[in-house]
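Encoded as structure tokens, the structure appears first; notes follow it.
Nothing in this text is a laboratory measurement; each read-out follows from the coordinates by a stated rule. Since the structure is predicted, the reported quantities are computational estimates derived from the model, not experimental observations. Here the Cβ positions follow ideal geometry from the backbone for every residue, glycine too, while neighbour counts run over all protein chains shown.
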Amino acid sequence: MNTPVIAIDGPTASGKGSVAARVASALGWHYLDSGAIYRVLALAGLQRGIALDDEASLADLAPKLEVRFDGEAIYIDGVEASLDVRRETTGNAASKIAVLPGVRTALMARLRAFRQAPGLVGDGRDMGSVVFPDAPLKIFLTASAEARAERRYKQLIEKGLAANLDSLVQELRERDARDASRPVAPLKPCEDAILLDTTPLTIDEAVAFVLQQAQTHKLC
Ligand code: CDP
Ligand code: CDP
């Protein structure tokens, strides 16, 4: 059997990162934050003066970057860049480069390389639909736009990053629309995904749900 994957997809601030990281830790599996890879490429491109629609240059840069995760910290070519990676402006830039098919193709091998024994929990937009279509368990998280904007607001403020609730709601809707309407790997639940609305749930409750599903699917 292939190394098992739990794919957790969903829109921004639906809770996929927090939930996926905790599920991975509970199972002793590897964790892939695929959005961070898109964020890193967007940031590194901007730092090099590459335009966010320059598909060829971004695709060329994608395999060359050295990206290292150490807990919450992210290093690009050996330099700590965690705060810049987490900025909302970087998330929006990531969503712009993510519409480019050449960029998605260039990142595929890097993303798939995270699939290592004993298992992988991957979060993003297309973990279940494109990157790991054979994942034995696919979860799609949702939450109301208001709940997500408030969560992201608190998260940014706690990190000491700039945030404005009104513009966050606006940006979040724009990002949802761009992610859902792109022709390649659009954000949408695949047919075999289990949907979970996290609006009324704590992170612990969402984690318990996924772990229960992992048991039901005989993954642990
Ligand atoms: O944490 P948040 O949901 O705000 O964003 P993220 O997961 O870090 O992803 C940033 C952007 O990268 C998203 O808005 C997507 O456009 C893109 N992305 C993608 O296209 N495919 C993925 N598997 C992950 C992220
Ligand atoms: O990865 P994604 O953008 O989907 O979301 P996240 O970074 O996991 O969650 C965004 C924020 O919402 C974090 O600060 C979480 O602690 C919080 N959250 C929450 O309060 N309740 C949930 N059920 C899920 C996430």
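Please arrange ILE157, ILE6, ILE97, ILE194 by counting, for each residue, the other beta carbons lying within 10 Å of its beta carbon, fewest first.
Values: ILE157 12, ILE6 29, ILE97 26, ILE194 16.
With the fewest neighbours first, ILE157, ILE6, ILE97, ILE194 line up as ILE157, ILE194, ILE97, ILE6.
Could you state the number of Å between the C-alpha centres of the range 7-54 and the range 85-112?
When both Cα centres are located, 9 Å separates them.
Sort the range 53-92 into rounded, prolate or oblate with this rule: let a ≥ b ≥ c be the square roots of the eigenvalues of the Cα gyration tensor; rounded if a/c is under 1.5, and if a/c is not under 1.5, prolate when a/b is larger than b/c, oblate otherwise.
Working: a/c = 3.13, a/b = 1.35, b/c = 2.32.
Because a/c hits 1.5 or more and a/b fails to exceed b/c, the range 53-92 counts as oblate.
Subtracting the Cα-Cα distance from 0.36 nm times the residue separation, let me have the gained length for GLU174 to GLU150 in nm, one decimal.
Values: separation 24, 0.36 × 24 = 8.64 nm, distance 1.60 nm.
Additional length available on full extension: 7.0 nm.
Percent antiparallel among DSSP beta bridges with both residues in the chain, to the nearest 5?
Details: 6 of 23 bridges.
Looking only at bridges with both residues in the chain, the antiparallel portion is about 25 percent.
Could you calculate the FRET efficiency of ASN2 with THR199 from 1/(1 + (r/R0)^6), where r is the beta carbon distance between them and R0 is 30 Å, rounded to 0.05? Walk me through the numbers before you get to the answer.
Values: r = 34 Å, r/R0 = 1.12.
E between ASN2 and THR199, to the nearest 0.05, is 0.35.
Treating the range 12-75 as a set of equal point scatterers at the Cα positions, no solvent, please give the Debye-formula log₁₀ I(q)/I(0) at q = 0.14, 0.24 Å⁻¹.
Per q value, in the given order, log10 I(q)/I(0) is -0.51, -1.02.
What distance in nm separates the simple spin-label points at LYS159 and ASP134, each placed 7 Å from Cα in the Cβ direction?
For the pair LYS159/ASP134, the computed spacing is 3.4 nm.
Which value at 222 nm does the chain reach when only helices count, each DSSP H run of 4 or more adding -39,500 (n - 2.57), with the total divided by all residues and rounded to the nearest 500 deg cm²/dmol?
Working: 9 runs with 105 residues, N = 220.
Dividing the helical sum by the residues of the chain leaves -14500 deg cm²/dmol.
What FRET efficiency would be calculated for the residue pair TYR75, ALA109, taking the C-beta separation as r and a Förster radius of 22 Å, to the nearest 0.05?
That pair, TYR75 with ALA109, gives E of 0.65.
What three numbers, in Å, describe the spread of the alpha carbons of the range 79-183 along their principal axes, ordered from the longest?
39, 34, 27
Return ASP176, ASP126, ASP166 ranked ascending by Cβ neighbour count within 10 Å, so the fewest neighbours appear first.
On the way: ASP176 16, ASP126 23, ASP166 9.
The fewest-first ordering by Cβ neighbours comes to ASP166, ASP176, ASP126.
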